[in-house]
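Below is one structure, written out as structure tokens, with a few remarks after it.
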Amino acid sequence: MGIISYDKGEYNEALEYYNIAINIDPNVTLYLKNKGDAFAKLSKRDEAMECYQKAIEVDPYNADAYNCIGTLLHYKGQYETALEYYCVGDWNKSVLCGLLYK
């Protein structure tokens, strides 16, 4: 239901559904990441960041959460740090990112 609400642009309602899902199983990173996306759409970037960071705590290989953090940092003007998160998040581009840091 959270995804349906999100797709309709009903982000506050989506948050309610994601909270229910997270209360049932707090270790499903998709719920945490989607909750972060809903916060981001509401311009609540700090709350979004917390959700993405929790997703990474649960699954350190969650590429989507790393990319989302990179995007939030980019919007804050923290380009270098954003690039680091993008590089971790997109394993296919990690070689390119390594070249950029040389």
ask   = So, of the residues in region 17-34 that are of a type in the set (Ser, Thr, Tyr) and either without any contact (Cβ under 8 Å) to a residue 24 or more places away in the chain or not in a helix (DSSP H, G or I) (or both), which turns out to be farthest from residue 52 (Cα to Cα)?
value = 17
inquiry  = Can you confirm whether residue 57 is assigned to a helix (DSSP H, G or I), at pLDDT 95 or above and over 21 Å from residue 8 (Cβ atoms)?
reply    = yes
note = Of those in region 35-50 that are outside any helix (DSSP H, G or I) and modelled with pLDDT of 95 or more, the residue farthest from residue 76 (Cα to Cα) is 42
inquiry  = If I ask for residues that are part of a helix (DSSP H, G or I) and either farther than 14 Å from residue 40 by Cβ or small (Gly, Ala, Ser) (or both), which ones from region 60-85 would you list?
reply    = 63, 65, 66, 70, 79, 80, 81, 82, 83, 84, 85
inquiry  = Taking the conditions exactly as written (in contact with a Phe, Trp or Tyr (Cβ under 7 Å, 6 or more places away or on another chain) and in contact (Cβ under 8 Å) with a residue 24 or more places away in the chain), does residue 41 satisfy them or not?
reply    = yes
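The values are calculated or read from the model by the stated rules, or taken from the named source; none is laboratory data. Everything numeric in this text was worked out from a predicted model, so none of it was measured. Cβ: placed from backbone, ideal geometry, glycine included. Neighbour counts: every protein chain shown.
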